[in-house]
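Colleague: Could you have a look at this structure, given as structure tokens, before my questions?
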2 protein chains.
Amino acid sequence: MSNSSALFRILADPTRRLILDLLAERGPLSVGQLASEFPDLVASGISKHLMSLRAGGVVSATRRGRQQIYQLEPDALAAGLTPWLAKYEQYWSAALGRLRDLAQEDGAADRLTSRKNVRRKRLK
Amino acid sequence: MSNSSALFRILADPTRRLILDLLAERGPLSVGQLASEFPDLVASGISKHLMSLRAGGVVSATRRGRQQIYQLEPDALAAGLTPWLAKYEQYWSAALGRLRDLAQEDGAADRLTSRKNVRRKRLK
DNA sequence: GTAATGTATTACCGTAGGGTAATATATCTG
DNA sequence: CAGATATATTACCCTACGGTAATACATTAC
């Protein structure tokens, strides 16, 4: 484990990244709730993506009745990426700092609300 | 361009990540110099990886005689990843901060020297 | 009980991508 | 000039992976 390739491969898929975004901004969600955000995909496809995400440790699931509630595991995400990020930290620390300043300048609450990406047709 | 999926896909391959590491720690290198670090891979394979990296904008090449000298393009790397990083910045800013403090505590010069994966050998 | 719902699993298809070998092209050397 | 060197390109194999449909399984509803 602690394999960078696996994590980058997980993040390489736009559907999985959007799933992470949804969990980050809305908190824990069921498979059906997540699937409803992807009108072009079949539910079992979302389930498969969730399996990948769970295998990678970046989400976890708890059963509630007949539905599975998935939630983000930010620590695993950070732990998986930070070693690689740290190697190149000098390169984007400046850019990240600028973004951070900009964000806390105007509101800071909606840094995670990139909702315009959520309902579109073709992912690319 | 500016496509997160493309960049994550590029980073998902361990050979390409190691190429980036080598360019980061040693500066510009020729294809042959890079290929000599991958005894299990054929040179044209490295060339193909370099094409991917160049298409993704994270490296650039300049011709010198009959060899191509590749160099890292850290700005493109940062520009491609920062938007996504910023969304989850709260999650690893702490971890990154700890690493940064640790690094500038002791020397700060060898943050990029994760040499354990790199087989240093005589280049001709 | 039976039926409906929510999710996971399986089987299968098509494409993308990493790997090699062979070939091509350009440049240097003798 | 011929031949060696450095890199790129092409053709091809094979595997991984995203997608679907069909099926299975558990849980709730009637």
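The values are calculated or read from the model by the stated rules, or taken from the named source; none is laboratory data. None of the values given here were measured: they were computed from a predicted structure. Neighbour counts are summed over all protein chains in view; Cβ atoms, including those assigned to glycine, are modelled from backbone coordinates with ideal geometry. Calculation scope for accessible area: heavy atoms of the full protein, side chains included, ligands and nucleic acids excluded. Shrake-Rupley method; radii C 1.70, N 1.55, O 1.52, S 1.80 Å.
Colleague: With in contact with a strand residue (DSSP E or B) (Cβ under 9 Å, 6 or more places away or on another chain) and either touching a residue at least 40 places away in the same chain (Cβ under 8 Å) or more than 9 Å from DNA strand D (Cβ to nearest atom) (or both) as the only criterion, which of B:LEU34, B:LEU11, B:LEU20 stands out?
Modeller: Just a single option satisfies the conditions, and that option is B:LEU20.
Colleague: Could you give me the residue pairs with C-beta distances under 6 Å whose first residue belongs to the range A:77-104 and is more than 7 Å from chain B (Cβ to nearest Cβ), whose second residue is modelled with pLDDT of 70 or more and open to solvent by less than 40 Å² (accessible area, probe 1.4 Å) wherever it lies, and which are 6+ apart or on separate chains?
Modeller: A:GLY80/A:LEU7; A:TRP84/A:SER4
Colleague: When you scan the range A:1-54 for helices (runs of 4 or more DSSP H) that lie fully inside it, which ones turn up with 2 or more residues that are modelled with pLDDT of 95 or more and within 11 Å of the chain's Cα centre (by Cα)?
Modeller: Those helices (runs of 4 or more DSSP H) span A:4-11, A:14-26.
Colleague: Within the range A:16-30, how many residues turn out to be open to solvent by less than 20 Å² (accessible area, probe 1.4 Å) and within 14 Å of DNA strand C (Cβ to nearest atom)?
Modeller: Looking only at that region, the number is 5.
Colleague: Go through the range A:37-75 and give me each residue that's without any contact (Cβ under 8 Å) to a residue 24 or more places away in the chain, open to solvent by 40 Å² or more (accessible area, probe 1.4 Å) and away from DNA strand D (no atom under 16 Å from the Cβ).
Modeller: A:GLU73, A:ASP75
Colleague: Does B:VAL58 fit the bill of being under 18 Å from the mean Cα position of the chain (by Cα) and either away from DNA strand C (no atom under 12 Å from the Cβ) or modelled with pLDDT of 95 or more (or both)?
Modeller: yes
Colleague: Kindly establish whether A:SER36 is within 8 Å of DNA strand C (Cβ to nearest atom) and polar (S, T, N, Q).
Modeller: When the stated conditions are applied, A:SER36 does not pass them.
Colleague: Do we have any residue at all in the range B:82-92 that's open to solvent by 40 Å² or more (accessible area, probe 1.4 Å), of a type in the set (Phe, Trp, Tyr), over 15 Å from B:LEU34 (Cα atoms) and not in a strand (DSSP E or B)?
Modeller: Scanning the range B:82-92, I find at least one residue that is open to solvent by 40 Å² or more (accessible area, probe 1.4 Å), of a type in the set (Phe, Trp, Tyr), over 15 Å from B:LEU34 (Cα atoms) and not in a strand (DSSP E or B), so the answer is yes.
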